[in-house]
Amino acid sequence: MSVLVVAAHDGKTVRANVANAVAAATQIGGDVHVLVAGSGAGDAAKEAAAIAGVAKVLQAEDAAYANWMAEDVAALVVKLAPGYGHIVMAADNVGKNLMPRVAALLDVAQVSEAIQIVSPDTFVRPIYAGNAMATVQSTDKIKVVTVRPTNFKAAAGGGSAAIEQIGGAGSAGLSNYVGAEISKSERPELTSAKIVVSGGRGLASGENFKMLETLADKLGAGLGASRAAVDAGYVPNDYQVGQTGKVVAPDLYIAIGISGAIQHLAGMKDSKTIVAINKDEEAPIFQVADYGIVGDLFQIVPELTAAIEKK
Amino acid sequence: MKVLVAVKRVIDYNVKIRVKADKTGVETANVKMSMNPFDEIAVEEAIRMKEKGKATEVIAFSAGPAQCQETIRTALAMGADRGVHVLSDAELQPLAVAKLMKAVVDKEQPGLVIVGKQAIDDDSNQTGQMLAALLGWSQGTFANKLEIGEGVAVKREVDGGLENVMLKLPAVITTDLRLNEPRYASLPNIMKAKKKPIEQLTSEALGVDVAPRLKTLKVEEPPTRKAGIKVKTVAELVEKLKNEAGVI
Ligand SMILES: Cc1cc2nc3c(=O)[nH]c(=O)nc-3n(C[C@H](O)[C@H](O)[C@H](O)COP(=O)(O)OP(=O)(O)OC[C@H]3O[C@@H](n4cnc5c(N)ncnc54)[C@H](O)[C@@H]3O)c2cc1C
Ligand SMILES: Cc1cc2nc3c(=O)[nH]c(=O)nc-3n(C[C@H](O)[C@H](O)[C@H](O)COP(=O)(O)OP(=O)(O)OC[C@H]3O[C@@H](n4cnc5c(N)ncnc54)[C@H](O)[C@@H]3O)c2cc1C
């Protein structure tokens with residue numbers, strides 16, 4: 001049986017995590033096809049075709065897919081589903097929105113955020129904010145799976161799969177896209193950044209986050225935050241790292257003024273090296289930090305920024 | 001318009017969970033249970049809609065063992081009008097819960113259903129989307145803001161920021177953290193809630209097959225991270241990051 005990977009994209013490029021999803025699909029086995037549904041998504045389809053391991057790209061052009069409304073895209077995926085044993089997508093907000101709808105329409109379960117493929121029907125997934133790992137076996141004929149991108153090394157480029165035009169399934173007319181308020185940033189995207197600098201309630205204001213921006217820019221890092229910092233309005237919602245925010249696993253994660261609640265740890269404890277800066281030496285974040293420094297962040301962060309500049 | 005909200009009974013978010021020695025799940029005996037935090041947000045939103053005259057009645061739904069009634073009582077104390085409890089001691093997976101909810105929706109005919117974006121125990125993030133699919137309704141997931149008019153305008157929390165969509169009613173909404181700050185129930189309201197009705201149903205009576213589709217083979221502890229060292233100075237930190245960890 002073949003595996004269908006559903007690609008999130010912006011028309012021009014597919015999201016970086018599509019290559020991670022293809023890697024997971026390759027582990028499942030069988031031909032890997034990638035669905036690029038969109039309106040004027042030719043460039044994204046070409047990019048998908050270049051991912052190593054992809055046998056074929058299905059490009060579905062339809063005005064209904066321009067903004068990726070789940071109601072419309074789900075209907076298309078369901079139409080294609082009978083040809084596949086697995087439907088796989090990265091567990092980002094697009095995948096989380098779409099795939100359960102697909103699964104329910106097919107009357108099958110969904111495996112959420114798999115971190116390991118044990119066999120074609122068996123997967124490991126974190127539960128309870130990553131404090132337990134469940135190994136689950138699907139008894140359904142078609143397996144609908146979202147995968148956590150940080151647990152699958154991205155497939156390389158250099159492929160040259162054929163692109164097949166398959167046409168669309170139209171709009172269900174249930175929902176309309178109005179617009180987006182996207183945070184503009186030159187910084188690397190949080191979930192794929194090699195280094196992440198993250199701030200918490202200890203920063204005490206949005207103004208103080210500028211300090212972290214300076215540090216992040218010196219390091220070429222992405223910028224993250226705890227829920228407390230987002231709730232307090234210091235930074236936008238898309239900065240949130242954790243159980244109910246984004247999961248990151250960079251080479252270096254620097255937690256600044258973050259206590260280390262389990263909900264936060266769930267989103268960053270797979271980072272290779274963790275640094276914690278906190279004035280409370282009892283803060284739980286130190287239990288996962290490779291290097292901790294106890295002290296006032298308002299003194300330490302400028303010092304650290306200066307030290308890195310000198311390098 | 002009636003509003004149906006889902007309230008799931010979960011291990012309280014402050015509890016440090018323990019995996020059972022026989023690897024069949026996590027320890028739930030003598031553990032504090034609470035309403036899933038995202039569901040508190042769902043209840044709050046529905047009550048505010050009623051207070052603004054946009055909703056006529058708020059119905060709280062829960063599926064699971066007898067103790068789910070306590071969770072429904074909490075919703076009633078916050079301000080929901082009545083409860084529907086589907087009694088089940090079986091393991092209920094999201095598809096099963098969505099089917100049970102669909103049966104209740106068919107009966108109650110609400111104009112809007114609000115559920116949490118994810119339950120903090122199983123972290124599935126599926127039930128709302130599945131329910132919308134089964135009903136053939138629109139879905140507004142990860143809602144940051146709702147505005148009811150002809151349809152429902154939903155501001156959604158997405159990977160890059162926020163997205164605005166307009167949905168046809170009826171619709172299913174799933175709540176994100178910033179939608180509102182749930183109220184605490186006052187003592188008089190807790191007393192009043194004791195008299196509010198809770199209807200009890202079963203999956204058999206609703207004609208829903210709740211058999212699990214995913215078999216849990218085992219549940220294990222995650223690999224633990226060892227605490228590292230504390231450094232005294234920034235210079236020492238930078239030296240370690242460069243030469244020991246090799247990450248800068
Ligand atoms: C349903 C639910 C979902 C959640 N999801 C998430 C999630 O996805 N992500 C997440 O992060 N949280 C999440 N949380 C919240 C989580 O439980 C914590 O409340 C939150 O992570 C705390 O953020 P914080 O560490 O910034 O704040 P606090 O816990 O208040 O910690 C602030 C820290 O800053 C330190 N500090 C203060 N001033 C200074 C200074 N001058 N110098 C140095 N250190 C200083 C303090 O010592 C303290 O340790 C969730 C909670 C619930 C209920
Ligand atoms: C190892 C393991 C052991 C388990 N053991 C048990 C067990 O002993 N008993 C048991 O009953 N289940 C058990 N389960 C099942 C698990 O709790 C279900 O998968 C869960 O009910 C559905 O997933 P979710 O809540 O994460 O869904 P999500 O899709 O994340 O839930 C989203 C929202 O849907 C609504 N919702 C979901 N479920 C309900 C509900 N039951 N009532 C009201 N609203 C709801 C809530 O609004 C919630 O915020 C177990 C699962 C695992 C992995």
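The values are calculated or read from the model by the stated rules, or taken from the named source; none is laboratory data. All values reported here derive from a predicted model rather than from experimental measurement. Note that we place each Cβ from the backbone using ideal geometry, even for glycine, and neighbour counts take in every protein chain shown. Heads up: the accessible areas ignore ligands, DNA and RNA and are worked out on the full protein's heavy atoms, side chains in. Shrake-Rupley method; radii C 1.70, N 1.55, O 1.52, S 1.80 Å.
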Is there a residue being among the hydroxyl-bearing types (S, T, Y) and within 7 Å of chain B (Cβ to nearest Cβ) anywhere in the stretch A:144-153? no
Would you be able to tell me the number of residues in the stretch A:226-262 that are farther than 29 Å from B:E244 by Cα and within 16 Å of ligand 2 (Cβ to nearest atom)? 3
State which residue is farthest from B:M1 (Cα to Cα) when the search covers only the stretch B:44-58 and only residues that are among the hydrophobic types (A, V, I, L, M, F, W, C) and either under 10 Å from the mean Cα position of the chain (by Cα) or surrounded by fewer than 24 Cβ atoms within 10 Å (Cβ to Cβ) (or both). B:I47
Checking the conditions here, which among A:V54, A:V88, A:V78 is in a strand (DSSP E or B) and either closer than 20 Å to A:A161 by Cα or out of contact with any Lys or Arg (no Cβ under 7 Å at 6 or more places or on another chain) (or both)? A:V88
Can you run down the residue pairs with Cβ atoms below 6 Å, 6 or more apart or on separate chains, where the first is in the stretch A:204-219 and open to solvent by less than 70 Å² (accessible area, probe 1.4 Å) and the partner is small (G, A, S)? A:F209/A:G199; A:L212/A:G199
Of the conditions (1) modelled with pLDDT of 95 or more; (2) in a helix (DSSP H, G or I); (3) of a type outside the set (K, R); (4) crowded, with 22+ Cβ neighbours inside 10 Å, A:L105 fails just one. Which one is it? (4)
Could you say whether any residue in the stretch A:94-107 is closer than 30 Å to A:G40 by Cβ, in contact with a helix residue (DSSP H, G or I) (Cβ under 8 Å, 6 or more places away or on another chain) and more than 11 Å from chain B (Cβ to nearest Cβ)? no
Residues in the stretch B:199-232 that are of a type in the set (D, E) and facing another protein chain (nearest Cβ under 8 Å) total 2
Which condition breaks for A:T273 when tested against (1) surrounded by fewer than 22 Cβ atoms within 10 Å (Cβ to Cβ); (2) within 14 Å of ligand 1 (Cβ to nearest atom); (3) of a type outside the set (F, W, Y)? (2)
The stretch A:13-28, residues that are over 17 Å from A:L98 (Cα atoms) and either within 18 Å of the chain's Cα centre (by Cα) or modelled with pLDDT under 95 (or both): A:T13, A:A16, A:A19, A:N20, A:V22, A:A23, A:A24, A:A25
Among the strands (runs of 3 or more DSSP E) confined wholly to the stretch B:19-112, which include 1 or more residues that are at positive phi? B:57-64
What are the pairs, 6+ residues apart or on separate chains, where a residue within the stretch B:33-55 that is within 14 Å of chain A (Cβ to nearest Cβ) has its Cβ under 7 Å from a residue that is within 13 Å of ligand 2 (Cβ to nearest atom) and among the basic types (K, R)? B:M33/B:R9; B:N36/B:K8; B:F38/B:K117; B:D39/B:K8
For the stretch B:135-193, which residues satisfy the criterion of being part of a strand (DSSP E or B), within 11 Å of chain A (Cβ to nearest Cβ) and hydrophobic (A, V, I, L, M, F, W, C)? B:F142, B:V152, B:A153, B:V154, B:V158, B:L162, B:V165, B:M166, B:L167, B:A171, B:V172
Has the stretch A:126-146 got at least one residue that is in contact with a helix residue (DSSP H, G or I) (Cβ under 6 Å, 6 or more places away or on another chain) and outside any loop (DSSP other than H, G, I, E, B)? yes
Breaking point among (1) closer than 30 Å to A:I127 by Cα; (2) open to solvent by 10 Å² or more (accessible area, probe 1.4 Å); (3) of a type outside the set (A, V, I, L, M, F, W, C), for A:G224: (2)
Scanning for something in contact with an Asp or Glu (Cβ under 8 Å, 6 or more places away or on another chain), buried (at least 21 other Cβ atoms within 10 Å of the Cβ) and at positive phi, does the stretch A:120-142 turn up at least one residue? yes
Do we find a residue being touching a Ser or Thr at 6+ places or on another chain (Cβ under 7 Å) and open to solvent by 60 Å² or more (accessible area, probe 1.4 Å) anywhere in the stretch B:4-18? yes
